[in-house]
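Reviewing the structure listed below.
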Amino acid sequence: MSAEKQARRFFVSGLVQGVGFRYFAQDAAERLHLAGYVRNLRDGRVEAYAIGTEEHLLRFLAALKKGPRGAMVHGVAEESAALAAQYENEFSITHE
């Protein structure tokens, strides 16, 4: 596995809004030393953009698939993303 930083975008579907999912994702990302953001989408999904090593991104994906208690994750779509310098320093909850 590569220790080089890379970026991924995750789209989580199911019952994932109104159940603390963004706070759960932020906590998981911070524990894995990832940078990026998480936000609710208008279509009911949650989007997470994360920057980190391949290993940590895989562990983050596993956490997103599980979700917090109260969430019902139906699926997580994953795609590669470009490294965005403005998100490289911390992981935050955004409303953009």
Check: For residues in region 20-38 being part of a helix (DSSP H, G or I) and of a type in the set (A, V, I, L, M), which is surrounded by the fewest Cβ atoms within 10 Å (Cβ to Cβ)?
Finding: Ala28
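Yes or no, residue by residue, for (1) among the β-branched types (Val, Ile, Thr); (2) within 12 Å of the chain's Cα centre (by Cα); (3) surrounded by 21 or more Cβ atoms within 10 Å (Cβ to Cβ); (4) more than 11 Å from Val12 (Cβ to Cβ):
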| position | (1), (2), (3), (4) |
| --- | --- |
| Asn40 | no, yes, no, no |
| Gly52 | no, yes, yes, yes |
| Gly67 | no, yes, yes, no |
| Ala71 | no, no, no, no |
| Gly75 | no, no, no, no |
Notebook entry, point to check: If you scan region 26-40, which residues turn out to be closer than 25 Å to Lys5 by Cβ and free of Cβ contacts under 8 Å to residues at least 60 places away in the same chain?
Noted result: Asp27, Ala28, Arg31, Leu32, His33, Leu34, Ala35, Gly36, Tyr37, Val38, Arg39
Check: In this structure, is Glu96 outside any helix (DSSP H, G or I) and modelled with pLDDT of 95 or more?
Finding: no
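The values are calculated or read from the model by the stated rules, or taken from the named source; none is laboratory data. Given the structure is predicted, the values throughout are model-derived calculations rather than measurements. Note that each Cβ is placed from the backbone with ideal geometry, even for glycine, and that neighbours are counted across all protein chains shown.
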